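See below for the structure under consideration.
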Amino acid sequence: MPAKLTPEPPSLPTVYAELMLTLMSGSSNMDEPQISSPSTPEAGTLPQNPIPAEQTDLLWVHPGLPELILGELNTQSFTLTNEEESANAKVHLGPVTADRREETSSLWSYAVVAPFYTLADEISLTDLSSLWQGGAVSNTNYDQILVTPETRAALSTILGSPNSTVVMTLDGEALNAYAISSDPVLAILSFEALSPTWKVLRVNGLSPIDNHFDPTTYPLSVQIWSEGLDGQGWVLPAENVDPGLRTVLVMTGVTALTRATAFQMEMHGNNFPGQDILGWLSDADLTHISNEVPFAENCPYPDPNQPDLIFCSAPERIELLEAVGADIIELSGNHMLDYGVDAMNLTMEMYEARGWQTYAGGWDLGDARSPAMVSHNGNNLAFLGCNPVGPPGAFATGSQPGAAPCGDYGWLVDAIQKAREEGYLPIVTLQYAEDYTAYPSSQMVSDFQRLAEAGAVVVNGSQAHTPKLMAFYGDSFLHYGLGNLFFDQMEVYYNNVYLAGTRDEFIDRLIFYDNQLISIELLAAKLEDYARPRPMTGAEREALLSRIFEAAQSTLDER
């Protein structure tokens, strides 16, 4: 074959990697970037990176420039240089200031993260900067910060000169290996590199996964701007956190507006149970409620000491679900037919009238097994679920409404795979067997993992009256039980044995971005007045997370 007289120019990341090696050659082994050296051309082949003689323009780029932007640069008219002063064109990176030219600047935000099973929820910028520079920090247990070479260079413009003993430079794959560990480390990631196995920490109370995130006030945002690149057809993205690509979903546990909970609503108003966590639920883009009890016209006055387990809610109790911003209603509960078909039909009609989507139960078996398909900001979510334990009288049939029976899960596996093929991310919930322990049974683990293998992004247990541990399986998040949301279990005894933990509640806040699950935040509440969950205090939250995380990590150790 004839040789090419004008070879293709190398990609910018290849040239940039070569440049970075020269810039960082004096680094210690610990913080030296792990970048492969360009291979030497074999004898008889043309060199892969010639510089045409006619190229005289020099381009300098800040070594912290994110890879996402770096790959978009058109450098065919330029020669890269590591001397900023001699360059004709430059791409700068530095702290956010008001005097940058807005039309040519981009805001790039970074997240401080820790391994998922970390108790701490935030860190101050002062402590982060001190740790970064190798100073003493009394308020944290962290002893190392992990970064990629680009992030190290970018954050140095904000945090100062990094201490080579504390700040460890790794490639992305090696860095992510720390996410599910008990190591006392922090990492700093560009927002687009987030994954659910990392826990995002707030910095000075702010986080890029917040609903109303503002990069101009966030301490770990940098500004990127250029000069001398006009007419090159290169347009900087406005920012790497685009609210138009984000969906916040909150998943909740058991709701049963009956017995003592309904009595308190009768005494204090229907919105009483939600008053302390209203923001958590209503601020989300999508709010999931697993309401296990039907609305019935003939529902009696609520009795806090009701001896039987035949449950209903008066129709006006739906005001609470309206107030908290319910969007998706799960109908897998085993009490859905406690007051007969008429009550179930009324319940379905009330949900439909409000435009709420339902799943895991329905007008008949086909409807009960159909997913609730939701698209928001480019994130496509498919909600699926079922009840594997019964009782059979609560199940939907070909001619009767009710909860969806799981059977052998074959239909659910098929539905998950179909949703995936159609570009949807399946969110699966199971009304599993009830117990009062943090640990799932071996059968529960097996069933959840099977659904994850089919393609479920999240698998939750909707049955739990106490919080259960959570785990990652492949790319899926498995939470075996969130505990109650609105239900009256304050003090529960079984055979005169007190069952602890029924007042503790998890609400899972899931952040989707560009049709991917990128982060999980565990919100924690404590039940008061047999009806009203409130945000836990710091000490209460630490106690709950310690208990659940210890259980979760013990199962990891066993594997």
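Just so it is clear, none of the values below were taken in a lab; they were calculated from the coordinates. All values reported here derive from a predicted model rather than from experimental measurement. Every residue, glycine as well, gets a Cβ built from its backbone with ideal geometry; the counts of neighbours run over all protein chains shown.
Values as computed for the structure displayed
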read-out: Extent along principal axes [Cα atoms of region 404-536; Å; largest to smallest]; value: 48, 33, 24
read-out: Under the Debye formula (equal points on every Cα, no solvent term), log10 I(q)/I(0) of region 104-242 at q = 0.11, 0.14 Å⁻¹; value: -0.40, -0.63
read-out: Candidates per GluC sites (Glu not before Pro) in region 439-527, loop by DSSP, up to 16 other Cβ within 10 Å; value: Glu491
read-out: Relative contact order of the chain, pairs being alpha-carbon contacts under 8 Å that are 6 or more residues apart, as %; value: 12
read-out: Nonlocal amide H pairs with Ser181, under 5 Å, H built at 1.01 Å; value: Phe116, Tyr117
read-out: Crossing angle, helix 442-454 versus the chain [Cα axis fit, 0-90 degrees, rounded to tens]; value: 50
read-out: Part-to-part distance (alpha-carbon centres) for region 206-226 and region 308-359, which is given in Å; value: 40
read-out: Between region 55-78 and region 485-559, the alpha-carbon center distance in angstrom; value: 48
read-out: Dipole in debye (nearest 20) - region 275-323, about Cα centre, beta carbon charges: Lys, Arg +1; Asp, Glu -1; value: 100
read-out: Cα long-axis angle, helix 538-558 against the chain (0 to 90 degrees, to the nearest 10); value: 80
read-out: Rel. contact order, % - alpha carbon contacts under 8 angstrom, at least six apart, region 145-232; value: 29
read-out: As computed over region 374-473, the Cα convex hull volume per residue (Å³); value: 124
read-out: Cα Rg over Rh - the chain, Kirkwood; value: 1.05
read-out: Span from the region 238-290 Cα centroid across to the region 124-188 one, whole angstrom; value: 35
read-out: For region 104-242, size of Cβ-based charge dipole, Lys and Arg +1, Asp and Glu -1, in debye; value: 280
read-out: CD proxy at 222 nm, helix term only [per DSSP H run n ≥ 4: -39500 (n - 2.57); per residue of the chain; nearest 500]; value: -6500 deg cm²/dmol
read-out: Isotropically averaged projected area of region 279-400, using the convex hull of Cα atoms (one quarter of hull area), nm²; value: 8.4
read-out: Note, ³J(HN,Hα) from phi for region 74-79, Karplus 6.51, -1.76, 1.60, rounded to Hz, x at Gly and Pro; value: 9, 10, 5, 9, 10, 10
read-out: Net dipole in debye of the chain [+1 Lys, Arg Cβ; -1 Asp, Glu Cβ; about Cα centre; nearest 20]; value: 520
read-out: Rounded to 10°, Cα long-axis angle of helix 259-268 versus longest principal axis of the chain; value: 80
read-out: Three-way shape call for region 244-558 based on the alpha-carbon gyration tensor, with the a/c threshold at 1.5; value: rounded
read-out: Long-range amide H partners of Val61 with built H, under 5 Å; value: Thr81, Val91
read-out: DSSP-defined beta bridges in the chain - what % are antiparallel, rounded to 5; value: 55
read-out: Under 5 Å, built H, 5+ apart or other chain: amide partners of Thr255; value: Ser290, Glu292, Leu485, Phe486
read-out: Relative contact order computed over region 437-559 (Cα-Cα under 8 Å; 6+ residues apart), in percent; value: 19
read-out: Given charges at Cβ of Lys, Arg, Asp, Glu: the chain dipole, positive-most of Gln144, Asn380, Thr81; value: Gln144
